[in-house]
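Student: First the structure, then my questions, so here it is.
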Amino acid sequence: MRTNLIYTFVSALLFVFCTQQVHAQADAGKMAPDFTLKTLNGQEITLSQFKGKYVLIDFWGSWCGPCRKSSPMMVELYGHLQAQKANIEFIGIACNERNDAMWQKAIKDDKLAWTQVKIDQNVGAKYKIAGVPTCILVSPEGKILYREHPVSLIPKVKKLFGIDYKI
């Protein structure tokens, strides 16, 4: 019975991972769906307002252990890109947040200095978000270049911008 439970759990994890990989491959090269979401201070942002820049969209949650563990790597990447005045914007999209105070505390504690917004169902569906963390890199033309876990995306962004540092 315990073996069946473990087998079922591992199978479910593999299914989710494989589904995300299929979405990742299918999405590359497609136009990123536009969205309008509100920042912490109530300002509306749209993806299309950043046309002409790379955009790294980080779907995450304050309640998500793997998301929070990847935060220091994202903060370091962001710092390097800001220092070199790279043509890139970061947008953090919080998923399934039920407590704004905890979300805002996570942003502060993790030192997430880039734009933060909360997801809505339409954006989640458009981007086929099945789990977090999920990062999407959008080209200056608005096309999806990569859709991956932050740990696998960060080296690609580093290479793209000529950053030489260890994660």
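Quick note: the coordinates plus some simple rules give every number you see, no bench work behind them. Please read these numbers as outputs of a predicted model, since none were measured by experiment.
Student: Would you kindly state how much longer the chain becomes between MET102 and THR36 on full extension, computed as 0.36 nm times their sequence separation minus their alpha carbon distance, in nm to one decimal?
Tutor: Numbers: separation 66, 0.36 × 66 = 23.76 nm, distance 2.29 nm.
Taking MET102 through THR36 to full extension adds about 21.5 nm, to one decimal.
Student: On to the next question. In this model, which of LYS51/LYS158; LYS105/LYS143; LYS30/LYS111; LYS128/LYS156; LYS108/LYS143 are farther than 29 Å apart at the alpha-carbon? Before the final figure, lay out each step's value.
Tutor: Values: LYS51/LYS158 21 Å; LYS105/LYS143 32 Å; LYS30/LYS111 32 Å; LYS128/LYS156 22 Å; LYS108/LYS143 31 Å.
From LYS51/LYS158; LYS105/LYS143; LYS30/LYS111; LYS128/LYS156; LYS108/LYS143, over 29 Å: LYS105/LYS143; LYS30/LYS111; LYS108/LYS143.
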